[in-house]
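Notes follow once the structure below has been shown.
Nothing in this text is a laboratory measurement; each read-out follows from the coordinates by a stated rule. Since we're looking at a predicted model, the values are computed, not measured. For neighbour counting, all protein chains shown are included, and Cβ atoms are generated from backbone atoms with ideal geometry for every residue, glycine included.
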Amino acid sequence: MRADLALIGFGHVGQRFARLLDEQRESLTADHELSCRIVATATRRHGSEAGGQPCADTFAAISYLAASDADLRVVVETTTLDIERGEPAISHVRAAIAAGCHVVTANKGPVAFAYESLRDAAAAAGVSFLFEGAVMDGVPVFNMIRATLPCVRIHGFEGVVNTTTNHILTEMERGAGFAEALTKMQAEGIAEADPSLDTDGWDAAAKTAALANVLMGARITPHDVARSGIAEATGDLARSARARGRRIKLVASARRSSDGALHARVEPRELPADHLLAGLDGNANALIIETDLLGRIAIVQLSGSLTQTAYALLTDLISIARTHGPSDPRTLGPSDPK
C-alpha cells in the first residue's frame with residue numbers, strides 16, 4: 001500500500017517527521033505493508049513545491065496530492081499555532097478534506113477552534129482527521145480513549161500539558177533564571193516559535209480547549225479558558241513552595257459543574273508533594289482524567305521531545321492505513337470477500 005504525503009509546514013516537527021519516515025521505512029514496510037513518499041511541501045519561508053517543482057501555494061500543493069493515484073493521500077499539517085483564530089491551519093484542513101485527502105496534524109488550532117465542524121466534514125467525506133500530536137506529544141490520549149474506553153463518560157481532567165513551562169519551573173526551583181531556562185527550550189526546538197504562547201499559558205489553554213472539545217463534547221476555544229501563565233516572579237513562588245515541601249505547576253483543567261456548565265482554566269497552582277502532578281520534573285507531562293465508570297485515570301509521559309511529537313504523526317498515519325487501506329487477507333474470515 002502506498003501513501004503519498006503533502007507536508008504543510010516544515011519546521012522542527014515537520015523535519016523530524018520526514019527523518020522518522022526514513023528511519024522507520026523498513027518497519028513500515030515489514031509490519032504495516034506501507035510505503036510512504038513525500039510528494040509536496042509548503043512552507044511560509046521557503047515556498048511550496050509539488051512533484052519536485054515550485055507551485056503556487058499551500059492549496060496548490062494539496063490539489064497536486066489529491067490528483068495522486070496512491071492508495072492513501074494524506075496531508076500532514078504542522079504549521080505554527082495561531083492563537084487568535086487557528087488559521088491558516090483550519091483552512092488547510094478544510095481544503096484537504098474537501099479534496100478527499102486524509103489529514104494528520106500536530107497543530108492544536110484546528111481542534112481547539114473548529115473540532116466539531118472538521119470532524120463532521122471528514123466523516124461526510126469518508127476521510128480521517130487525526131491529531132494525536134496536538135496534546136502530550138506521542139502519548140496516546142485521543143486514540144487511547146477513542147479505541148479502548150467505550151461507554152465511558154469523561155467528567156473532567158487536570159494535567160501538566162506544556163513541556164516548556166514545566167521545564168522552566170523545574171529549573172527556577174534549582175536557582176536558574178527564567179530567561180536562561182526558556183533559552184534552553186528554544187534551543188531544543190520544544191518552545192513555541194513565539195515563546196509567549198508557552199509562558200503566558202496560551203499553548204496550555206489551546207490544549208485544554210482541544211481536550212474539552214474532543215473528550216467532553218465542549219464547544220469552546222482557547223479564549224474561553226481562564227488563563228494565567230508564568231514569569232520571572234514565579235521563580236520566587238516556586239522556590240518558596242519547594243522549601244515547604246510543595247511544588248508550583250502550571251495546571252490545565254476542565255470539568256462540568258452539577259448544572260452542566262463547563263469550567264476550564266490554566267493557572268500556576270501550588271500542589272502538595274504527594275500529588276501526581278507535583279512529581280513531574282523537566283520535560284515530563286501528565287493528564288488525570290475523571291471518568292464515570294473507571295474513576296480517575298492517569299496518563300504520564302516522563303520525557304518529551306521532537307521525536308515524540310513526530311511519532312504521534314506517524315501513529316496517526318498508521319491508523320489511517322489500518323482504517324482505509326486494503327484489507328489484509330490474513331485477517332479475513334471464511335465469509336469475507338476474497
Any idea how far apart GLN15 and GLU180 come out in nm if each label point goes 7 Å out from Cα toward Cβ? 2.7
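Do the sum for the chain: with -39,500 (n - 2.57) for every DSSP H run of n ≥ 4, divided by all residues, what is the mean residue ellipticity at 222 nm, to the nearest 500 deg cm²/dmol?
Numbers: 12 runs with 132 residues, N = 338.
That calculation yields -12000 deg cm²/dmol at 222 nm.
Between HIS155 and ALA243, what length in nm is gained on full extension when 0.36 nm per residue of separation is reduced by their alpha carbon distance?
Numbers: separation 88, 0.36 × 88 = 31.68 nm, distance 3.41 nm.
Between HIS155 and ALA243, full extension yields an extra 28.3 nm.
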How many nm is it between the label spots at GLU26 and HIS263, if each spot is 7 Å from the Cα in line with the beta carbon? 5.5
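For segment 50-164, what relative contact order do you get, as a whole percent, if you take Cα pairs closer than 8 Å and at least 6 residues apart?
Numbers: 134 pairs, mean separation 22.5, N = 115.
This gives 20 percent for segment 50-164.
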Between GLU188 and SER91, what is the label-to-label distance in nm when each label sits 7 Å out along the Cα-to-Cβ direction? 3.5
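I'd like to compare 251-258, 126-133: which one has the highest average count of other Cβ atoms within 10 Å, and what's the full order after that?
Details: 251-258: 18.6, 126-133: 22.8.
Ranking, from highest mean packing down: 126-133, 251-258.
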Kirkwood hydrodynamic radius of segment 156-280, from inverse mean 1/r over distinct Cα pairs, in Å: 14.8
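How big is the chain by the Kirkwood estimate over distinct Cα pairs, in Å?
Values: mean 1/r = 0.0482 Å⁻¹.
Kirkwood hydrodynamic radius for the chain: 20.8 Å.
Normalising by the residue count of the chain, find the relative contact order in percent from Cα pairs under 8 Å and 6+ residues apart.
Working: 687 pairs, mean separation 64.0, N = 338.
Answer for the chain is 19 percent.
For segment 233-278, would you read off the P(r) tail past 17 Å as a percentage of all alpha carbon pairs? Could the numbers behind the result be given before it?
On the way: 458 of 1035 pairs.
It works out to 44 percent of all Cα pairs.
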Compute the distance from the alpha-carbon center of segment 180-252 to that of segment 24-46, in whole Å. 32
P(r) of segment 218-338 in 5 Å steps, Cα pairs, percent per bin? 2, 8, 11, 14, 15, 15, 11, 8, 5, 5, 3, 2, 1, 0
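Taking R0 as 45 Å, what FRET efficiency do you get between HIS223 and LEU276 from their Cβ-Cβ distance, rounded to the nearest 0.05?
Numbers: r = 29 Å, r/R0 = 0.64.
The value I calculate is 0.95.
Relative contact order, percent, of segment 203-338 when contacts are C-alpha pairs under 8 Å separated by at least 6 residues? Could the numbers behind the result be given before it?
Working: 150 pairs, mean separation 21.4, N = 136.
Value for segment 203-338: 16 percent.
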